[in-house]
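Worksheet: one structure, shown below.
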Ligand code: BGC
């Protein structure tokens with residue numbers, strides 16, 4: 001087990017149960033471990049970040065994926081608040097994007113088609129009849145390179161992957177870097193950077209499945225989303241192009257239990273799976289997008305982002321067939337995703353904020369997940 005200290009003290013035994021004890025012992029650490037091999041023999045590594053308060057995030061190089069996030073409850077006991085698997089094999093067998101970095105374009109592109117600068121592009125239809133989360137082998141299924149990076153804010157690791165021109169049908173050689181920092185203010189900060197040699201659509205996000213209680217349904221989690229508008233979708237999950245005011249069912253302006261009105265969203269399988277258009281004073285600036293609170297653990301998650309939108313997905317496709325960490329069965333609505341992003345299918349809706357990245361431009365995004373208790 002190799003250990004990369006990178007200016008931080010080693011975590012030693014600073015795991016469960018007391019985050020407070022850990023606080024006294026260390027200033028944070030980064031630990032690198034082997035995490036198996038892909039079917040074509042590529043080595044995958046896991047990086048464990050521990051901050052000075054004992055919070056712990058684990059990210060693996062396969063998919064630059066957040067596999068564990070341990071945060072304290074109101075009694076100081078650490079618990080893992082993201083869904084995922086214990087080993088690489090289970091991820092390789094297929095999974096619903098647990099914790100991955102999603103792209104090159106997150107969410108759906110209608111019928112896998114778009115026209116850019118007069119040329120039509122065709123992408124894989126991996127979510128019939130649409131293209132979803134970057135295609136059959138999106139960036140969530142690639143092995144990224146990793147580098148421990150120095151940050152005063154806390155332990156950090158930067159993941160890089162260059163997607164070749166034409167990969168999954170997308171134009172341009174897209175260089176991406178995603179940096180995870182676990183700050184001493186108990187924030188998991190994710191910073192994205194991308195450049196291209198040809199115009200191409202880019203929309204990156206993280207697809208963590210949150211459950212602040214660590215188990216059970218999320219219907220009692222109380223959610224607030226700072227959005228007066230959302231983008232309605234058709235039966236296949238593609239935005240109609242309208243930007244509508246949230247009504248009684250869609251509104252999370254006031255903190256509301258997720259389960260309070262979820263059954264009013266019918267369909268197959270029903271439930272929230274929508275992009276919210278965030279209220280922002282200034283576009284591209286970091287602002288509070290969403291807040292989630294779970295009363296039994298007392299855990300609170302706040303999400304700040306520079307992105308214009310956030311996808312609320314309430315685990316509607318989970319059905320108990322996915323058996324995750326510690327043998328836990330992930331049942332219907334056992335987690336929620338809050339994916340900071342540009343609006344889905346923006347490339348086909350010129351009225352939505354632009355997702356086209358051109359040569360010499362930089363795609364940047366910062367999204368912060370702040371953990372606390374009340
Ligand atoms: C989408 C869902 C999809 C899920 C896949 C979400 O981002 O909005 O429709 O089923 O990802 O896990």
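Computed from the coordinates by the stated procedures, all read-outs in this text should not be read as laboratory data. Computed from a predicted model, the values in this text were never measured in an experiment. Cβ coordinates were reconstructed from backbone atoms using ideal geometry, including for glycine residues, and neighbour counts include every protein chain displayed.
Worth a mention:
- FRET efficiency estimate (nearest 0.05) - Cβ-Cβ, residue 152 to residue 364, R0 22 angstrom: 0.65
- Residue among 28, 94, 84 with the largest mean-square fluctuation in a Gaussian network model of the chain, springs linking Cα atoms under 10 Å: 94
- Order by protection proxy (mean Cβ within 10 Å, highest first), peptides 335-341, 169-175, 254-260: 335-341, 169-175, 254-260
- For the pair residue 40 and residue 228 in one chain, pulling the backbone fully straight at 0.36 nm per residue adds 63.0 nm over the alpha carbon distance.
- Distance-filtered residues of the range 157-189 - backbone nitrogen under 18 Å, label point 7 angstrom along residue 116 Cα→Cβ: 161-177
- Residues of the range 180-208 with amide N under 17 Å of a point placed 7 Å along Cα→Cβ from residue 137: none
- The range 225-243-the range 307-340 distance, computed between alpha-carbon centres (Å): 20 Å
- Anisotropy class of the range 33-90 from Cα gyration tensor, a/c 1.5 cut: prolate
- Remark: 105, 249 ranked as 249, 105, counting other beta-carbon atoms within 10 Å and listing the fewest first.
- The order of the peptides 123-134, 279-290 by mean Cβ neighbours within 10 Å, most packed first, is 123-134, 279-290.
- Ranked for footprinting exposure by Cβ neighbours inside 10 Å, fewest first, 102, 231 give 231, 102.
- Residues residue 127 and residue 93, FRET efficiency given R0 of 25 Å [Cβ-Cβ distance, rounded to 0.05]: 0.85
- The protection proxy used here, the mean number of other Cβ atoms lying within 10 Å of each residue, ranks peptides 54-62, 137-145 as follows, highest first: 54-62, 137-145.
- Only Cα pairs under 8 Å and 6+ residues apart enter the sum, and on that basis the relative contact order of the chain stands at 16 percent.
- For q = 0.09, 0.16 Å⁻¹, Debye-computed log10 I/I(0) when each Cα of the range 222-373 counts as one equal scatterer: -0.31, -0.96
- Gained length - residue 287 relative to residue 356, 0.36 nm times residue gap less alpha-carbon distance: 22.6 nm
- Sorted fewest first by neighbouring Cβ atoms within 10 angstrom, 233, 82 come out as 233, 82.
- Based on alpha-carbon atoms, the Kirkwood radius and the radius of gyration of the chain give Rg/Rh equal to 0.94.
- Descending semi-axes in whole angstrom, ellipsoid equivalent of the range 293-374, from the Cα gyration tensor: 31, 19, 12
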